[in-house]
Amino acid sequence: MASVTLKKVKKVYEGGFEAVHAFDLDIADKEFIVLVGPSGCGKSTTLRMIAGLEEITDGELYIGDRLVNDVEPKDRDIAMVFQSYALYPHMTVYDNMAFGLKLRKLPKAEIDKKVMEAAKILEITELLDRKPKALSGGQRQRVAIGRAIVREPKVFLMDEPLSNLDAKLRNSMRAEIIKLRKRIDTTFIYVTHDQVEAMTLGDRIVIMKDGWVMQIGTPQEVYNCPANLFVATFIGAPQMNLLDAKLVKSGSDYNVEVSGATIAVPAESAAKLAANGVETKDVVLGIRPMHIQLKDQGDDVIKTTVDVSEMMGAELQLHAEIGGKDVIICVQTADLPVENRAGLAAGTPIGITFRGDLMHLFDPETEKSLL
């Protein structure tokens, strides 16, 4: 097993395009790290630099205590699982899994032992005599993972391994990867554009945009304390609502004024604002759809009307316009009167509010969190 350290790692292509900017990351031994972000953010490029499939333009990459910038991929003691599976179509499942071990000229008995152990872990023993074309997408992905497992690498790299699967199979394979991680207990670096995969799989998540690292933290940290507007809207589904608001300081207290309502900032958040030297100013207020409550009257109530009502089973998703912006409100159907559980008609007047400790405040210029 091994740690992985990236120190100011950078990738610049011919023509000057900088795909990855000064990337710093310390990955502990046996940690599961997920790189997540939209297409073109640099996550796969970063993974390929770790694998040795892309040359590092600048910076240092260590696997364990060993500097590997100029080490060939085959000598880095890593294994990579690709989105495309990359199985040999003319070989059986057994031969696909054994291929790398045969190249290393391991004894036949040892190869057989390793393949059978990996097949048992992945529950594909009965598939060993089949060719890839006779397998489903999920089975092919298990074979690709098995081929990596038998090598017993120090570091496991996975590049969008579930993106070719349908939603149901993706969910079950995600659970399989969680179980697999417990069984083989090695260092994982996993790339995805899917925030659900990132949140459920990662010990820590690295959120990227345009080659920059936006935030590194546990799933709870990036969800509860997003560092900036990009992270706030990228993590969480439905995404966080953003409203134009004014933060008003009065003595040691703060209030947020938004669309005719006044929301008190709780003492803990007020202390952070004061420590950061924040005065009265315009802000972007963020509130997650499931943190909004329906309420008829009060100084903390925003008045609006329903534009669209979507019945989602256990909840209603209401769309309303506030300050010229579409806002999504998630309401548990069990909390509504029986006559409203199927939905609210367009044009229905409603009042909404939310707790001060659940709102996020961002600087409209820097887009960074004020908390």
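Assorted remarks:
- A search for C-beta distances below 6 Å between a residue of the range 264-287 that is among the small types (Gly, Ala, Ser) and any residue that is in a helix (DSSP H, G or I), counting only pairs 6+ apart in sequence or on different chains, returns Ala264/Gly356; Gly286/Ala232.
- Number of residues in the range 306-335 that are part of a loop (DSSP other than H, G, I, E, B) and under 25 Å from the mean Cα position of the chain (by Cα) equals 2.
- Applying the criterion of being among the basic types (Lys, Arg) and within 32 Å of the chain's Cα centre (by Cα) to the residues of the range 239-280, the residue that is surrounded by the most Cβ atoms within 10 Å (Cβ to Cβ) is Lys272.
- The listed residue being of a type in the set (Gly, Ala, Ser), surrounded by 12 or more Cβ atoms within 10 Å (Cβ to Cβ) and under 27 Å from Ile33 (Cβ atoms), out of Ala98, Ala144, Ala167: Ala144
- The residues on offer are Val155, Val93, and the sole one that is more than 30 Å from Ser3 (Cβ to Cβ), surrounded by 21 or more Cβ atoms within 10 Å (Cβ to Cβ) and at pLDDT 90 or above is Val93.
- Test: residue in the range 134-156 that is more than 18 Å from Tyr88 (Cα to Cα) and part of a helix (DSSP H, G or I): no
- Residue identified as at pLDDT below 85, closer than 19 Å to Met80 by Cβ, surrounded by fewer than 20 Cβ atoms within 10 Å (Cβ to Cβ) and not aliphatic (A, V, I, L, M) among Asp185, Asp194: Asp185
- Residue check for Tyr190: in contact with a strand residue (DSSP E or B) (Cβ under 7 Å, 6 or more places away or on another chain) and among the aromatic types (Phe, Trp, Tyr): yes
- Any hit, the range 342-356, residues being crowded, with 17+ Cβ neighbours inside 10 Å, touching a Lys or Arg at 6+ places or on another chain (Cβ under 8 Å) and in a loop (DSSP other than H, G, I, E, B): no
- Filtered by the rule that a residue be under 10 Å from Ala144 (Cα atoms) and in contact with a Lys or Arg (Cβ under 7 Å, 6 or more places away or on another chain), the range 74-88 gives Tyr85, Leu87.
- Exclusive hit being more than 18 Å from Arg204 (Cα to Cα), outside any loop (DSSP other than H, G, I, E, B) and either assigned by TED's automatic domain parsing to the domain that holds Val150 or aromatic (Phe, Trp, Tyr) (or both), set Val71, Val34, Val9: Val9
- If you go through the range 176-228 and keep only what is of a type in the set (Phe, Trp, Tyr) and within 20 Å of Leu122 (Cβ to Cβ), you end up with Phe188, Tyr190.
The values are calculated or read from the model by the stated rules, or taken from the named source; none is laboratory data. Remember, it's a predicted structure, so these values are computed and weren't measured experimentally. Every residue, glycine among them, receives a Cβ derived from its backbone with ideal geometry; neighbour counts consider all protein chains shown.
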